[in-house]
Amino acid sequence: MALMLKELFCLLLIGFTVAVDKNNFKTCEQSSFCRRLRGVKPGESKYQLNLETLQVTDNSVEAVLVNTEANANFQFTLTAIAGNIFRVFIDEVKPLYPRYRVQYALNGEPQVAKLEILERTSDLVKIKSEENTAIINANPLKLEFYHKGDLVTIVNGRGLFTFEHYRTKTPEVEGQEPPQEDPGTWEENFKSHHDSKPRGPEAIGFDVSFPDALRIYGLPDHADRLSLRSTGPGGLDPYRLYNLDVFEYEVDSTMAIYGAVPVVYAHSPKHTVGVFWHNAAETWVDINNSKDGNVVSSIVNLVSGHKTEARVDAHFMSETGVFDLFVMMGPKPKDTVRQFASLTGAAPLQQYYTLGYHQCRWNYNDQDDVVNVIENLDKGDFPVDFIWLDIEYTDGKKYFTWDPIKFSNPHAMINNLTSTGRKLIVIIDPHIKRENGYFLHEDALANDYYVKTKDGNVYEGWCWPGASSYLDFYNPYAREYFKGLYSVDKFKGTTDDVYIWNDMNEPSVFNGPEVTMPKDCLHYGNIEHRAVHNEVGLAYTMVTHDALLQRTPNKRPFILTRSHFPGSQRYCAMWTGDNDAQWSHLAISYPMCLSVALGGLSNCGADIGGFFHNPDAELLQRWYQAGVWLPFMRAHAHIDTRRREPYLFPEDVQNRIRNSLRLRYAHLPLFYTLFWEHEITGDPVIRPLFYEFPNDMNLVDVDNCLMVGSSVLAHPVTEAGASSVTVHLPGGSSQYWYDVEDFRKYTGTGNYNIPVSLDKSPAFYRGGSIIPRKDRPRRSAELMKHDPFTLYVALDKNKSAQGTLFVDDYQSFEYRNKKYVYINFNFENNVLTGSLIDKTDYPTKEWIERVVILGPPSGVKGATLKSKSLGEVKLETSYDAEQSSLVIRKPGVSVRESFTIKLF
């Protein structure tokens, strides 16, 4: 009974939260290491490089770095990395304890590049790699990075570099220094070291400056604007990166929430450069940027070549770890984001139908409820591909089990779904219920798979099941054991078409400090939790990903995560967490997902309608309309909210939701092609406007709209009762934009006041683009597999356009064996051509059903198609009433072959 009461208390505490309780979470002033490092005074750096110890290789330079105040030595290494990147690494020479080095963020060891020494004196070393140079100033340590002679980044220019160690006299460690040990190697120490005493302060801080930069972006995940705001004592708290379970998070806040991606991009008309701080500990970042000055004047001066005061400064402060910094030299936003992707990887191509609509709730009552939801969605003609089950499907919140009454025959329920072209996603969280007889708990205890306390005992916290312990995913034996639980013979009732949701993986601990695990808990190899906290969610999803691959080796996994870190994109999608049914939360979903996309995680979405509370009909409709253009599209709701499945609303509301879903499904070929190209190039699937138009300084703060690839601009309605929306269309008078619905043409000359009704949410095709669509309404993406394509050819001022399409089997890894078709479409001189980009093939049945030309040439009477299989065929054409579009009917050509269609 005590257990049940405590569990009920936790549920009530969470269920009736009305807003984030800031008292549960620290400010910088309440964080001892943030307070200490923020107190470091500029210009008083005590760190000096001993250039007499300099060693040079083909790819790196190394020297001893000395803290002259504490007489402590560090090893400094600067390495040239392929693709216009530098890496700076610093660690203690003989540490009393080895410091943790992040294990999972990088997509393999970065490929090195050649460097050469240009100059060497007693005060500095100047090196060159590719188009970049770096000057290493010795006393005090300062690093300057130049691209083609322009200074773009300075590290420790303000002298805030700090590397706390056990000889540093701070109040926390005086008289507490541990005994000297044989340093050994980093790996040997973590495998053999068993002293569980807290190790004391190990904080690292440094400043990085970006001369001429006007804006800085990055540091997801925050419910904040895309462009980072200035912080500082007396103003905003620093941006905090510390993965936390924050209920009903505030918008316009620098507070930490679920993810931590310590990368920033500094941008100006001349240059974009980035830095990636490779550290998994709690991190705070102070920002001081030019948006607080006279930005217009700065832009004019910068563009005209005059001296400007434009500059961005960032001060990174982390609790522990080593100094491991990547400087990404750009020079354009696309280059810099691609450089980050070259380090941390891109998302692998996901299954086609995962881009469809996902219907979720905490919780669907039972298996009959699941069947009824799908049947009612079908009756209402609402396309859907997935239904989700939250924690209540389990037997008493014990994962890998089913409630024996509510879900007594899960196998039949799943087969019922798959027979209609739908699939199931179930939640598996990291907390394990401490219940005698529960096989997973018993196995974890018997085999020592749980995270430990600082005293070496099994750590116990509270989460949804009540008393819980947490599997240690740094333990290779625990990882291997957990992977095996996902097999269909172990996870009874499941099939190959069941996918996974990893939630609460910050990890969330209801009675823990800041609703998470204590920092002095210990992981396998005696790794302190504080060193790996932000990486834990990534480690968890890696195991889940490996488990699904082990279960079905040639079927792409789908996993949704809440906690994320650099590298998470290689394994899973993410969403913006427990948002609220408020207009402000709808509005913030775009800047949040744009920031995350720049941080490598393109597959982002927000809970449609808001997780907490009850949206009114207007807000719900607008959320569906906005969700069309985010890569992950899911409706989700709290257990205490009213049911809000689309078929429950009046007919006019149903019509708008249905139209939104059909618009989404029509554009699945575009999203799918972009995810293929993302895997190849690292380009984000959704992009802020400045990414596509980097020289337009009017766009640096625009985050209320997004680009889907380079071809679609979407601007959702995010205010109640709106009758018009101000949309900024960029590119100048020579750039055309076409309304997605009525094909009205605009030029990219700035702000337009677009009238809107409840049926209208502005979106535009970019002139010069060819957008592949599937326009036949279906109940699911699975059922669209063999449907034909319609090509929307949006002409630019030169009456030309270009686009691509990727086709394969939509679910396996056979595309990596060259079993795909990747097509380039090009329109110029009144001729549309389709040609294969790669010499590959896939036996698809898909073909081209229509071509719709926007802004067409006048006087067209017909068209002629030529292809190898069809020969020469005459085609019918027709203009719409306003002659804003021209339709070419039934070309009938397979996407497997090259073709031309010539207008006459």
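Here the gap between THR681 and GLN883, fully extended at 0.36 nm per residue and compared with their Cα-Cα distance, gives a gain of 68.9 nm. Straight-line cross-link reach from LYS774 at under 22 Å between alpha-carbon atoms covers these lysines, not counting any fewer than eight positions away in the same chain: LYS379, LYS423, LYS760, LYS785, LYS819, LYS845, LYS890. Look at where the Cα atoms of the stretch 592-644 and of the stretch 356-426 average out, and the two centres are 20 Å apart. Highest mean packing first, where packing is the average number of other Cβ atoms within 10 Å per residue, the peptides 333-343, 114-124, 427-437, 316-326 line up as 316-326, 333-343, 427-437, 114-124. Using C-alpha pairs under 8 Å with a sequence gap of at least 6, the mean separation divided by the residue count of the stretch 70-162 gives a relative contact order of 16 percent.
Starting from the Cα gyration tensor of the stretch 530-639, take the square roots of the eigenvalues, sort them a ≥ b ≥ c, and report rounded, prolate or oblate (rounded when a/c is under 1.5, otherwise prolate if a/b is larger than b/c, else oblate). Prolate. Applying 0.36 nm per residue to the separation of ASP252 and LYS454 and subtracting their alpha-carbon distance, the gain on full extension is 69.1 nm. Relative contact order of the stretch 736-808, taken over Cα pairs closer than 8 Å and 6 or more residues apart, is 32 percent. Once both labels are positioned 7 Å from their Cα atoms along Cα-to-Cβ, the gap between GLU69 and LYS874 label points is 8.8 nm.
Could you work out the local net charge near PRO348, counting Lys and Arg as +1, Asp and Glu as -1, over the other residues with Cβ closer than 11 Å to its Cβ? It would help to have the intermediate numbers written out before the result.
Details: positive: ARG556, ARG570, ARG816; negative: GLU679.
Net charge in that neighbourhood comes out at +2.
Please give the contour-minus-distance gain from ASN409 to ASN830: 0.36 nm per residue of separation, less the Cα-Cα distance, rounded to one decimal in nm.
Values: separation 421, 0.36 × 421 = 151.56 nm, distance 5.91 nm.
Residue separation times 0.36 nm, minus the Cα-Cα distance, leaves 145.6 nm.
A straight line joining the Cα centroids of the stretch 505-532 and the stretch 722-746 runs 49 Å. If the cut-off is a Cα-Cα distance under 30 Å, which lysines reach LYS94, setting aside same-chain residues fewer than 8 apart in sequence? Excluding near neighbours in sequence, the set is LYS41, LYS46, LYS114, LYS126, LYS142, LYS169, LYS191, LYS197, LYS452, LYS454, LYS519.
The calculated 222 nm mean residue ellipticity attributable to helices in the chain amounts to -5500 deg cm²/dmol, summing -39500 (n - 2.57) over DSSP H runs of n ≥ 4 and dividing by all residues. Sorted on the mean count of surrounding Cβ atoms within 10 Å across their residues, most packed first, peptides 835-841, 48-54 read 48-54, 835-841. For the chain, the equivalent ellipsoid derived from the alpha-carbon gyration tensor has semi-axes of 45, 36, 25 Å in decreasing order.
Can you tell me how the stretch 602-645 classifies by the Cα gyration tensor, rounded, prolate or oblate, using a/c under 1.5 as the rounded cut? Here the stretch 602-645 falls in the oblate category. For the chain, averaging the sequence separation of C-alpha pairs within contact (under 8 Å, six or more residues apart) and dividing by the residue count gives a relative contact order of 10 percent.
Protection proxy ranking for 790-802, 729-741, using the average of other Cβ atoms within 10 Å per residue and placing the highest first: 790-802, 729-741.
Throughout, read-outs are computed from the coordinates displayed, never taken from laboratory work. As the structure is a prediction and not an experimental result, all values here were calculated from the model. We place every Cβ from the backbone using ideal geometry, glycine too, and count neighbours over all the protein chains shown.
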